[in-house]
1. Restricting to segment 41-86, and then to whatever is among the aliphatic types (A, V, I, L, M) and not in a helix (DSSP H, G or I), can you tell me which residue is modelled with the highest pLDDT?
2. Please go through segment 83-131 and pick out each residue that is within 22 Å of THR191 (Cα to Cα), touching a Ser or Thr at 6+ places or on another chain (Cβ under 8 Å) and among the hydrophobic types (A, V, I, L, M, F, W, C).
3. Considering segment 59-96 alone, what residues qualify as being buried (at least 16 other Cβ atoms within 10 Å of the Cβ) and of a type in the set (Lys, Arg)?
4. In the set ALA198, ALA172, which member is modelled with pLDDT of 95 or more, out of contact with any Phe, Trp or Tyr (no Cβ under 9 Å at 6 or more places or on another chain) and assigned to a helix (DSSP H, G or I)?
5. Considering (1) free of Cβ contacts under 8 Å to residues at least 60 places away in the same chain; (2) assigned to a loop (DSSP other than H, G, I, E, B), say which one GLY162 fails and leave the rest.
6. Looking for something in a helix (DSSP H, G or I) and in contact with a Phe, Trp or Tyr (Cβ under 6 Å, 6 or more places away or on another chain) - is there at least one such residue anywhere in segment 115-131?
7. Anything in segment 114-133 that is among the charged types (D, E, K, R) and surrounded by fewer than 12 Cβ atoms within 10 Å (Cβ to Cβ)? List them, or say none.
8. Looking at segment 136-159 only, could you name the residues that are among the aliphatic types (A, V, I, L, M) and in a strand (DSSP E or B)?
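The values are calculated or read from the model by the stated rules, or taken from the named source; none is laboratory data. Please read these numbers as outputs of a predicted model, since none were measured by experiment. Please note: Cβ atoms are built from the backbone with ideal geometry, for glycine as well, and neighbour counts cover all protein chains shown.
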Amino acid sequence: MIGSPLRGILMAGWLMSACTPLLAQDANDQEVSSPFPETAPPHQVLLHPHREQRDKYVWSTFGPPGILDSALSAGFEQWTNRPKEWGQSGNAYFKRLASEYSESAINASTKYVLARLRDEDPSFRRCDCSGFRRRAMHAIVSPFIAYSFVDGKPQFSTARIGGTVTSHAISASVWTPTPTTVGTEAAHLGTDLLSAIAVDLLREFVFHHKRDLSITSDQR
């Protein structure tokens, strides 16, 4: 019989495979134009926002942010022994890590597909502001924020909420060993939210992912 964490990984892999064609549908375009082509340097074309969004999805899911987020959540749940059926052994931590990473992958896949349909970018952006307090507050509210492709302004993200609801519903019904109650689900949600904020604080103040947003005509 397949273990519950492995079922979670298989479920996450299936969902990501199903979502990839939609996220990557712009990958074969020969020419893409910038939303603001007049600002592009000579002989350069800026990446279309949807193509950039696909790259951000891969980075946030399979790169350090996704792994660190899952590791923090698994560590806290190991400390608090949730779910208690898994115990607090070394093997139990890896069960929790597999569970959290599967849930994170489902969350990201759902979030980016919904955001693609709504023409918004749910990925983390560092604050353009200055000062510790303003930058810290920016990171704290980032798990609820997306950026419009129309004007680039931040807005409350229903795609992020949809990703969270979907991932928690799947984990509770597929591999969580204990019946879910309002209290246990609230505790789980709080753990995931705190780990997401912690990762965003690190991305704001310590490290961030930089990539060239343009490609030259020689590269196309």
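1. Narrowing segment 41-86 to residues among the aliphatic types (A, V, I, L, M): 45-47, 58, 67-68, 71-72, 74.
Now narrow it down to the ones that are not in a helix (DSSP H, G or I): 45-47.
On the way: VAL45: 45, LEU46: 47, LEU47: 54.
Selected residue: LEU47.
2. Once the filter is applied, which keeps residues that are within 22 Å of THR191 (Cα to Cα), touching a Ser or Thr at 6+ places or on another chain (Cβ under 8 Å) and among the hydrophobic types (A, V, I, L, M, F, W, C), segment 83-131 yields LEU97, ALA105, ILE106, ALA108, PHE124.
3. Those that are buried (at least 16 other Cβ atoms within 10 Å of the Cβ) and of a type in the set (Lys, Arg): ARG82, LYS95, ARG96.
4. On the way: ALA172 fails: modelled with pLDDT of 95 or more.
Every option except ALA198 fails the conditions.
5. For GLY162, the exception is condition (2).
6. The initial filter retains those residues of segment 115-131 that are in a helix (DSSP H, G or I), namely 115-118.
In the following step, the residues that additionally are in contact with a Phe, Trp or Tyr (Cβ under 6 Å, 6 or more places away or on another chain) were identified as none.
For segment 115-131, residues in a helix (DSSP H, G or I) and in contact with a Phe, Trp or Tyr (Cβ under 6 Å, 6 or more places away or on another chain): absent.
7. Of the residues in segment 114-133, the ones among the charged types (D, E, K, R) are 116, 118-121, 125-126, 128, 133.
Matches in segment 114-133: ASP128, ARG133.
8. The first filter runs over segment 136-159 and keeps only residues among the aliphatic types (A, V, I, L, M), leaving 136-137, 139-141, 145-146, 150, 159.
Selection gives ILE145, ALA146.
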